[in-house]
1. If you place +1 on the Cβ of every Lys and Arg, -1 on the Cβ of every Asp and Glu, and leave all else neutral, what size is the dipole of the stretch B:5-110 about its Cα centre, to the nearest 20 Debye?
2. For B:Ser7, A:Ser59, what ranking results if the residue with the fewest other Cβ atoms within 10 Å of its Cβ goes first?
3. Based on DSSP loop calls and a cut-off of at most 11 other Cβ atoms within 10 Å, the longest stretch of chain A free of exposed trypsin sites (Lys or Arg not before Pro) is what?
4. Hey, what D do you get for the protein assembly as shown in µm²/s if you plug the Kirkwood alpha-carbon radius into Stokes-Einstein at 25 °C and 0.890 mPa s?
5. Step by step: find N for the stretch B:5-110, compute 2.2 N^0.38 Å, then divide the Cα radius of gyration by it. What's the final number?
6. Within straight cross-link reach of A:Lys18, meaning Cα distance under 15 Å, which aspartates and glutamates are found once same-chain residues fewer than 8 apart are removed?
7. Can you give the local net charge around B:Gln6? Use residues other than it whose beta-carbon is closer than 14 angstrom to its beta-carbon, Lys and Arg +1, Asp and Glu -1.
8. Could you grab the relative contact order for chain A? Cα pairs under 8 Å, six or more apart, rounded to a whole percent.
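All of the numbers you see were taken from the coordinates with simple rules; none came from a lab. Everything quoted here is computed from the prediction, not taken from an experiment. Methodologically, a virtual Cβ is constructed for each residue, glycine included, from the backbone with ideal geometry; neighbour enumeration extends over all protein chains shown.
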Amino acid sequence: DTEVTQTPKHLVMGMTNKKSLKCEQHMGHRAMYWYKQKAKKPPELMFVYSYEKLSINESVPSRFSPECPNSSLLNLHLHALQPEDSALYLCASSASDRGHEKLFFGSGTQLSVL
Amino acid sequence: TQLLEQSPQFLSIQEGENLTVYCNSSSVFSSLQWYRQEPGEGPVLLVTVVTGGEVKKLKRLTFQFGDARKDSSLHITAAQPGDTGLYLCAPRSGSARQLTFGSGTQLTVLP
C-alpha cells in the first residue's frame with residue numbers, strides 16, 4: 001500500500017463552521033505533512049509531524065489546528081476560516097530513501113469557504 | 001527561506017515538441033527533487049539528483065543537476081499530452097524534513 005488517503009475530497013463550509021480534514025497512510029512513515037495550495041501555485045508547507053509530535057509550524061493562523069492521533073493518521077481541524085483560506089489542502093507522508101526524504105502525497109481536499 | 005525560481009512559469013506546446021524547464025537558486029543544496037502534479041492530484045516524485053553535474057533519465061525526461069548544485073533543468077523529448085501538469089522542483093538540505101517547492105512550471109501539451 002503506497003497510498004495517502006485524504007477525506008473528504010471536496011468541502012464547502014461557512015466562516016462560522018467547524019470541520020476537520022483527515023489523512024491516513026499505512027506505509028509506516030513516521031513523518032506527515034500538511035500543505036496548502038492555491039490554483040496554479042506551488043504547495044506551501046503548513047505543518048510537519050515527526051514521530052507523532054509537531055516539529056514544524058510555518059506560522060499558520062490558529063484557526064488551523066493539526067492533530068496526529070497516531071502514526072497513521074493526521075487531522076486538520078478548521079474553525080472560523082476566511083474566504084481566502086479556500087484552497088487545495090494536501091497531506092503527505094515521507095520515508096528516507098538513501099538519506100533523502102521522499103514525499104508521498106494524497107489527492108487533496110478542495111476547500112471552499114463561503 | 002530558500003528562494004527557488006522556476007522558468008518558464010507557463011508553457012504551452014504541441015505534441016511532439018521538445019522543451020526544457022529550469023530551476024535556479026543562489027543557494028547550494030545537498031540534493032534536489034523534481035515532482036509532477038497532474039490536475040486533481042497531489043505531486044508525485046519523479047527523481048532525486050544528488051551529485052553536482054549528475055544527469056538522470058526517466059524515459060523521455062532528462063534531469064540535470066548543476067555542477068555547483070545551485071540549479072537544475074528538466075528536458076522533455078517529444079512531449080505528449082500525458083506530460084501536462086505542474087512541474088515542481090524542491091531543494092533538499094541534508095535530511096531536513098522541511099520540504100519547500102520552487103515557483104513551478106505549468107506545462108500544457110496540446111494534441
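1. Once rounded to the nearest 20, the dipole reads 380 debye.
2. A:Ser59, B:Ser7
3. Numbers: sites that count: A:Lys9, A:Lys40, A:Arg98.
So the longest stretch without any such site is A:41-97.
4. Stokes-Einstein gives a translational diffusion coefficient of 136 µm²/s.
5. Numbers: Rg = 13.1 Å, N = 106, 2.2 N^0.38 = 12.9 Å.
It is 1.01.
6. The qualifying aspartates and glutamates are A:Glu67, A:Asp85.
7. +2
8. Answer for chain A is 36 percent.
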